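The values are calculated or read from the model by the stated rules, or taken from the named source; none is laboratory data. Here the structure is a predicted model, which is why all the values come from computation and not from measurement. All Cβ positions, even for glycine, are placed from backbone atoms using ideal geometry, and neighbour counts span all protein chains on display. Heads up: the accessible areas ignore ligands, DNA and RNA and are worked out on the full protein's heavy atoms, side chains in. Shrake-Rupley method; radii C 1.70, N 1.55, O 1.52, S 1.80 Å.
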Amino acid sequence: MPYKRCRSFHCPSSIAYYLMTPRSIVLIGMMGAGKSSVGRCLQRRTGLARFDTDEIVSSKFGLSISEIFSTHGEGRFREVETQVLVELTAGEATIIVTGGGIVLREENVDLLKQLGTIVWLDADEETLFERVSRRSNRPLLQTEDPRTTFSEMSRARAPLYAKVADIRVDTSALTHDEVADVILRNVEELVTTRK
Ligand code: S3P
């Protein structure tokens, strides 16, 4: 499925969303789900600020994610990832993009819930793996059998994503822009019904 660039304008639904809620849109999901790209689409469409936990962790260390894993280990990465969530305290509506493993820590789940509406970007496993295989920048997939590693990770995490998500979007057959459309429509509906 081609990943098209997203439109750049403020659609009426996104403005309505902005006016109705101070809650952020928080994107979760496996590597390859399109969180970063969809996050940028949502940023353009809504005019809201975007925070990407991987980008923030990376800038704190002054290193790429791969370098953080190889130099400091996954444990240290996870600690700083949690610290970033704590710093992203709720208050104003933003777009928050998270790393695929953010749901692994129980304390992160509570922090995510405080931040806003949680959107799980999902896709069938083949599609997800095909997308991540385009780049070799995922430290957790530097194994002898990345396909099996990915499959195990995906199966272990699916229930964690499902438990915390307010909305699930199957992105398998959608462009980034279409995913953003679905998210904005769903978030607006959710906000309206909760009013
Ligand atoms: C990870 C996913 C990565 C990054 C790190 C760990 C994971 O982010 O946070 O490599 O545990 O799934 P993306 O989901 O943006 O690839």
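Tell me the per residue accessible area of the stretch 105-195 using a 1.4 Å probe; a whole number in Å² is fine. Let's see the in-between values first.
Numbers: 4860 Å² over 91 residues.
That works out to 53 Å² per residue.
Using only Cα atoms, figure out Rg for the stretch 18-72 and give it as a multiple of 2.2 N^0.38 Å. Mind dumping the intermediate values first?
Numbers: Rg = 13.7 Å, N = 55, 2.2 N^0.38 = 10.1 Å.
So the stretch 18-72 has a normalised radius of gyration of 1.36.
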Along its three principal axes, how long is the chain when you only count alpha carbons? Whole Å, largest extent first please.
48, 36, 29
Compute, for the chain, the length of the dipole vector about the Cα centre, with Cβ point charges of +1 (Lys, Arg) and -1 (Asp, Glu) only. Units Debye, rounded to 20.
540 debye
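Which whole-number percent of Cα pairs in the stretch 113-180 have a distance greater than 17 Å?
On the way: 1164 of 2278 pairs.
Beyond 17 Å sits 51 percent of the P(r) for the stretch 113-180.
Pop out the carbon and sulfur fraction of the accessible area of the chain as a percent, whole number, probe 1.4 Å. Can you show the working numbers first?
Numbers: 4850 of 9530 Å².
The value for the chain is 51 percent carbon and sulfur by accessible area.
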Among ALA158, VAL80, THR94, whose Cα lies farthest out toward the positive end of the dipole of the stretch 63-195, if unit charges sit on the beta carbon of Lys, Arg (+1) and Asp, Glu (-1)?
VAL80
Calculated diffusion of the stretch 42-120, Stokes-Einstein form, Kirkwood radius summed over Cα pairs, 20 °C and 1.002 mPa s, µm²/s
163 µm²/s
Gap separating the Cα centres of the stretch 70-112 and the stretch 136-195, nearest whole Å
16 Å
